[in-house]
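J.: The structure's right below; bear with me while I get my questions together.
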Amino acid sequence: MMWSEERIKAYLMDNINEKRVKHILGVVEMSEKLAEFYGESPFKARMAAYIHDVAKYMPYDDIKRIIKEKGYKLTSEDLIMPELLHGLAGAIIGKDMMGIEDESILNAARYHTTGRVNMTMLEKIVFLADYIEPGRNFPGVEELREMAFLNLDKGVLLAFGGIATRVFGKQ
């Protein structure tokens, strides 16, 4: 049986640091707004946002164990950037512990850091909400927030560009 939103929030409060919980709640807020604006399910957007960072600060060995126990193979890319694995681990926790069965919710949590080809509306919403939630403060975030409500696809592309610049520097 799927956990209620209240139970998930209580789990987050008990198991994740206060700063990360504040971020998660900001992503919940922004995901819901974007979902309402684009005609996606606000409930699904909230649920994906609640679980998107549930494994963010787990020890890497625990994340690897969770992933391997479910039969996923870790790639060389996973080993280069293991911090990206928390999305998959969070989706597994959402399903196995919290009883979330909806694959669209689980995938939105799973791909919130990496994106993927042919992202669904819900995946784009959670990906972008994670990047522009109210607690984020970086040059260009206000323009990106505006774009999110003008053209979701352009917002996602701009976010990918900003992430690449922050990770790899200006080329």
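J.: For Glu142, which of the numbered conditions (1) under 18 Å from Lys44 (Cα atoms); (2) open to solvent by 60 Å² or more (accessible area, probe 1.4 Å); (3) of a type in the set (D, E, K, R); (4) in a helix (DSSP H, G or I) fails to hold?
T.: Status for Glu142: all satisfied but (1).
J.: For the range 105-132, name all the residues that are part of a helix (DSSP H, G or I) and among the charged types (D, E, K, R).
T.: Of all residues in the range 105-132, those part of a helix (DSSP H, G or I) come to 105-110, 121-132.
Residues satisfying the conditions are Arg110, Glu123, Lys124, Asp130.
J.: Taking the options Gly94, Gly39, name whichever one is on the phi > 0 side of the Ramachandran plot and over 11 Å from the mean Cα position of the chain (by Cα).
T.: On the way: Gly94 fails: on the phi > 0 side of the Ramachandran plot.
Answer to the selection: Gly39.
J.: Let me ask you something else. With the requirement that a residue be at pLDDT below 95 and farther than 21 Å from Trp3 by Cβ, what does the range 35-62 give you?
T.: If the condition is that a residue be at pLDDT below 95 and farther than 21 Å from Trp3 by Cβ, then Pro59, Tyr60, Asp61 are the ones that fit.
J.: Further question on the same structure: Step by step: first the residues of the range 98-113, then only those that are in contact (Cβ under 8 Å) with a residue 24 or more places away in the chain and within 18 Å of Tyr57 (Cβ to Cβ), then the one that is surrounded by the most Cβ atoms within 10 Å (Cβ to Cβ). Which residue is that?
T.: It comes out as Ala109.
J.: Ile163 fails exactly one of the following numbered conditions: (1) in a helix (DSSP H, G or I); (2) at pLDDT 95 or above; (3) under 17 Å from the mean Cα position of the chain (by Cα); (4) surrounded by fewer than 16 Cβ atoms within 10 Å (Cβ to Cβ). What is the number of that condition?
T.: (2)
J.: Hey, another quick one. Take Leu157 and tell me if it is open to solvent by 60 Å² or more (accessible area, probe 1.4 Å), more than 24 Å from Asp61 (Cβ to Cβ) and among the aliphatic types (A, V, I, L, M). Walk me through it before giving the result.
T.: Values: open to solvent by 60 Å² or more (accessible area, probe 1.4 Å): yes; more than 24 Å from Asp61 (Cβ to Cβ): yes; among the aliphatic types (A, V, I, L, M): yes.
Judged against the criteria, Leu157 is a match.
J.: Please verify whether Met47 is outside any loop (DSSP other than H, G, I, E, B), open to solvent by 80 Å² or more (accessible area, probe 1.4 Å) and out of contact with any Lys or Arg (no Cβ under 9 Å at 6 or more places or on another chain), treating the condition exactly as stated. So that I can check it myself, show each step before the final result.
T.: On the way: outside any loop (DSSP other than H, G, I, E, B): yes; open to solvent by 80 Å² or more (accessible area, probe 1.4 Å): no; out of contact with any Lys or Arg (no Cβ under 9 Å at 6 or more places or on another chain): yes.
No; evaluated as a whole, the condition is false for this residue.
J.: Can we say Glu32 is loosely packed, with under 13 Cβ neighbours inside 10 Å and either acidic (Asp, Glu) or at pLDDT 95 or above (or both)? Break it down stepwise before answering.
T.: On the way: loosely packed, with under 13 Cβ neighbours inside 10 Å: no; either acidic (Asp, Glu) or at pLDDT 95 or above (or both): yes.
Spelling it out, it is not the case that Glu32 is loosely packed, with under 13 Cβ neighbours inside 10 Å and either acidic (Asp, Glu) or at pLDDT 95 or above (or both).
J.: Does Tyr72 meet the test of being under 26 Å from Arg136 (Cβ atoms), open to solvent by 70 Å² or more (accessible area, probe 1.4 Å) and modelled with pLDDT under 95?
T.: On the way: under 26 Å from Arg136 (Cβ atoms): no; open to solvent by 70 Å² or more (accessible area, probe 1.4 Å): yes; modelled with pLDDT under 95: yes.
No.
J.: List pairs: first residue in the range 5-23 and exposed (fewer than 13 other Cβ atoms within 10 Å of the Cβ), second residue at pLDDT below 95 anywhere in the structure, Cβ distance under 9 angstrom, at least six positions apart or on different chains.
T.: Listed by first residue and then by second, the contacts come to Asn17/Tyr57.
J.: Which ones in the range 36-52 are farther than 20 Å from Gly94 by Cα and either among the small types (Gly, Ala, Ser) or in contact with a strand residue (DSSP E or B) (Cβ under 9 Å, 6 or more places away or on another chain) (or both)?
T.: Correct list: Gly39 only.
The values are calculated or read from the model by the stated rules, or taken from the named source; none is laboratory data. On a predicted model such as this, the values are computed, not experimentally measured, just so you know. Backbone-built Cβ (ideal geometry, glycine too); neighbour counts: all protein chains shown. Side chains included, ligands, DNA and RNA excluded: accessible areas come from the protein's heavy atoms. Shrake-Rupley method; radii C 1.70, N 1.55, O 1.52, S 1.80 Å.
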